[in-house]
Amino acid sequence: MIIGQISDTHILPPGQLAYRRVDTAWYLARAVEQLLKMTPRPDLVLATGDLVDAGRAEEYRYLRELLAPLPMPVYLIPGNHDDRVALAEAFPDHAYLPRGGPFFQYVLDDHPLRLIALDTLLPGHTGGLMCEARCAWLAARLAEAPDRPTIIYMHHPPFRTGIEHMDQYGLDGSERLAEVVRRHPQIERILCGHLHRSIQVRWCGTVAMTAPSTAHQIALDLENGGPLRYVMEPPAFLLHLWRAGVGLISHTCYVGEFPGPYPFRDTG
Ligand SMILES: [Fe+2]
Ligand SMILES: [Fe+2]
């Protein structure tokens, strides 16, 4: 089983650039092209939040168009730039999205790995929240299948990253989540977005990681000074391979045109 993870696509209405500089739609189209070219192709794609830039209906309509070439299921969760109502309205055929409830949390049970989506959105805030209700829901879902290897995916990472600018907009309630995760060794991975960088850490007995953005990356600024900045390092997505007897193996795939591949021989 192969899982693609795209994150922080930040789509704006057609023709508009993020920060008057970044054509996020163009970048997502390149990522989609690359996913289509892969052999084998991922069996499914997770999109880990900040799907659009300002939660607007026209942004979700454009996102839908941009994702349309992907033949495999694409599973969405909201980030701090998203709006649950506008998201649900633009994707009425995405039957897994809970309709009518307060949160977009759901379980995908039909794959070799069990996939649990968490919703960290706290409307009007850059940081996220794992409240008691959301945590209790997760604990109940994990208790249903303690022997099934499970991936949790969520927008805000529950761990500190060392990038202070982002850590101050982290996840409230991460201790509450930690207490649940510690009790469930079936969690293979916690997949996140929000950081626009590839970051990994051991966390509460599992591995937690954030994905790069398909567009702009957040500058690797470990000094706590100056404004938050972005940088046009190569866009990327993650590919998670599930191999029986090995486990979950996570690769970073850069999106773009690069020289090669070349064979390792001296062609003179
Ligand atoms: Fe983002
Ligand atoms: Fe975010």
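The values are calculated or read from the model by the stated rules, or taken from the named source; none is laboratory data. Note that this is a predicted model, so its numbers are computed, not measured. No Cβ is skipped: glycine too gets one built from the backbone with ideal geometry, and neighbour counts run over all protein chains shown.
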Inset, instruction - Kindly provide the set of residues from the range 208-243 that are free of Cβ contacts under 8 Å to residues at least 12 places away in the same chain and under 21 Å from ARG189 (Cβ atoms), ordered by number. - result: ARG243
Inset, instruction - Residue by residue through the range 12-62, note down the ones that are more than 16 Å from ligand 1 (Cβ to nearest atom), of a type in the set (Ser, Thr, Tyr) and crowded, with 20+ Cβ neighbours inside 10 Å. - result: TYR62
Inset, instruction - Would you be able to tell me the number of residues in the range 59-96 that are touching a strand residue (DSSP E or B) at 6+ places or on another chain (Cβ under 7 Å), away from ligand 2 (no atom under 16 Å from the Cβ) and not hydroxyl-bearing (Ser, Thr, Tyr)? - result: 8
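For the range 88-103, check the following and say yes or no: at least one residue is part of a loop (DSSP other than H, G, I, E, B), within 15 Å of ligand 1 (Cβ to nearest atom) and at pLDDT 95 or above. Break it down into steps so the answer makes sense when it comes.
Let us first name the residues in the range 88-103 that are part of a loop (DSSP other than H, G, I, E, B), namely 91-103.
Add one more test, that the residue is within 15 Å of ligand 1 (Cβ to nearest atom), and what stays is none.
No, the range 88-103 has no match at all.
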Inset, instruction - Please verify whether the range 48-57 includes one or more residues that are hydrophobic (A, V, I, L, M, F, W, C), within 29 Å of ARG114 (Cα to Cα) and outside any loop (DSSP other than H, G, I, E, B). - result: yes
Inset, instruction - Assess whether ALA139 counts as being within 15 Å of ligand 1 (Cβ to nearest atom) and among the small types (Gly, Ala, Ser). - result: no
Inset, instruction - Look through the range 87-145, keep the residues that are in contact with a Leu (Cβ under 8 Å, 6 or more places away or on another chain) and among the polar types (S, T, N, Q), and return whichever of them is surrounded by the most Cβ atoms within 10 Å (Cβ to Cβ). - result: THR120
Legend entry - Elements of type strands (runs of 3 or more DSSP E) contained in the range 171-268, each with 1 or more residues being under 18 Å from GLY127 (Cβ atoms): 187-192, 199-203, 206-210
Inset, instruction - Run GLU188 past the list (1) within 13 Å of PRO158 (Cβ to Cβ); (2) among the acidic types (Asp, Glu); (3) crowded, with 16+ Cβ neighbours inside 10 Å and report the number of the one that doesn't hold. - result: (1)
